Amino acid sequence: MLVAPGSDERKAGKALASAADEVVLDLEDAVTPDRKPAARDLIGPLVREHGGNRTVSVRINGRGTEWFEDDLRACAELGTALASIVFPKVESADDLAEADRILGAHSGAGSSAVGIQALIETPAGVQNIDEIVTGPRLAGVIIGYADLGAALGRARTALPEHWVYVQDRVLHAARSAGVQAIDGPFLGIADDDAFRHSAQWVSDLGFDGKWVIHPAQIDSAAAAFTPTDQQVEAARKVLAALEEAEARGAGAAQLDGQMLDEAVAVAARRTLTKIGA
């Protein structure tokens, strides 16, 4: 997921032309207060033009800001061209309910179904994550490291391993609710060893994807979350062995000397889902 400032048409255009799986046009942190209305006007045509061909989302300004309701109204008017709304600093299911109310009151064609991705970037958001994942329209949760780290007093140089409590809390809640768990952006913009380690760490934990803040990081992020040919082949063999055992009426299946069960099948299906199979 590549994030681009909604106030910069050139950068937004480059992001929309990139190989990222999803582009998030940002109306919040990447836009200065005096440019927010203009940015809101700019992203509308971009979403309408590109939303039918690729996944485009919009990060709005948070609840309690003067731009919150206007941002939601603008998103409601985009209809099915808009994939989702990224809601910053979500701290309760009530935040999502308020967004749902505003969207419902200003819904255009198809906007009643637009999903919300909740950015978890405050201690209260982490504390209330089990409640948040039950909120209306929720499609996914995203960890926002910059604001959360500032609130916790955590060093910007903290390693991915220092965040494992938050990562596991968010991941477990997302899985229990059947929504996506997305890792937030690495705070550096280079495609270096530190970034690649960060992406691989959360992929190994079980996250579904990662935000990037520079196009140079797209390929490494994609590689971290894309199963290898060997993993895909192994997953297909697992499912084939289970199907064969079921066809024979056998109560158990084996592959390469190991017993197979439903837990192994779930992991195999998840692997194939990542490649669209």
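The values are calculated or read from the model by the stated rules, or taken from the named source; none is laboratory data. All of these numbers come straight from a predicted model, not from anything done at the bench. Quick reminder, even Gly has a Cβ in these numbers, built from the backbone with ideal geometry, and neighbours come from all protein chains shown. We work out accessible area using only protein heavy atoms, side chains counted, and drop any ligands, DNA or RNA first. Shrake-Rupley method; radii C 1.70, N 1.55, O 1.52, S 1.80 Å.
Condition first: within 17 Å of the chain's Cα centre (by Cα), more than 18 Å from ARG59 (Cα to Cα) and in contact (Cβ under 8 Å) with a residue 24 or more places away in the chain. Now tell me which residues in the stretch 136-174 satisfy that.
VAL166, GLN167, ASP168, ARG169, VAL170, LEU171, ALA173, ALA174 - these are the residues of the stretch 136-174 that are within 17 Å of the chain's Cα centre (by Cα), more than 18 Å from ARG59 (Cα to Cα) and in contact (Cβ under 8 Å) with a residue 24 or more places away in the chain.
Count, please, the residues in the stretch 125-149 that happen to be open to solvent by 40 Å² or more (accessible area, probe 1.4 Å) and in a helix (DSSP H, G or I).
Number satisfying all stated conditions: 5.
Hey, does the stretch 179-201 have a residue that's modelled with pLDDT of 90 or more, polar (S, T, N, Q) and assigned to a helix (DSSP H, G or I)?
The answer is yes; a qualifying residue exists.
Of all the helices (runs of 4 or more DSSP H) wholly in the stretch 217-277, which have at least 1 residues that are more than 25 Å from MET1 (Cα to Cα) and either at pLDDT below 85 or open to solvent by less than 90 Å² (accessible area, probe 1.4 Å) (or both)?
Per the criteria, 229-247, 262-274.
If a residue must be in contact (Cβ under 8 Å) with a residue 12 or more places away in the chain and of a type in the set (Asp, Glu), how many such residues does the stretch 197-211 contain?
Residues that pass the stated criteria total 1.
Here's the yes/no breakdown for (1) touching a helix residue (DSSP H, G or I) at 6+ places or on another chain (Cβ under 8 Å); (2) among the β-branched types (Val, Ile, Thr):
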{"position": "THR122", "(1), (2)": "yes, yes"}
{"position": "GLN127", "(1), (2)": "no, no"}
{"position": "PRO136", "(1), (2)": "yes, no"}
{"position": "ALA150", "(1), (2)": "no, no"}
{"position": "PRO160", "(1), (2)": "yes, no"}
{"position": "TRP163", "(1), (2)": "yes, no"}
{"position": "ARG169", "(1), (2)": "yes, no"}
{"position": "ARG175", "(1), (2)": "no, no"}
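So ALA109 ticks every box in (1) at pLDDT 95 or above; (2) open to solvent by 40 Å² or more (accessible area, probe 1.4 Å); (3) of a type in the set (A, V, I, L, M, F, W, C) but one. Which box is left unticked?
All conditions are met except number (1).
Find the residue count for the stretch 150-173, including only residues that are among the small types (Gly, Ala, Ser), in a loop (DSSP other than H, G, I, E, B) and either open to solvent by 50 Å² or more (accessible area, probe 1.4 Å) or at positive phi (or both).
Total meeting the criteria: 2.
Which residues, taken from the stretch 94-122, are of a type in the set (Asp, Glu) and either touching a Leu at 6+ places or on another chain (Cβ under 8 Å) or not in a helix (DSSP H, G or I) (or both)?
Within the stretch 94-122, the first condition is being of a type in the set (Asp, Glu), and the residues that meet it are 94-95, 98, 100, 121.
Passing the criteria: only GLU121.
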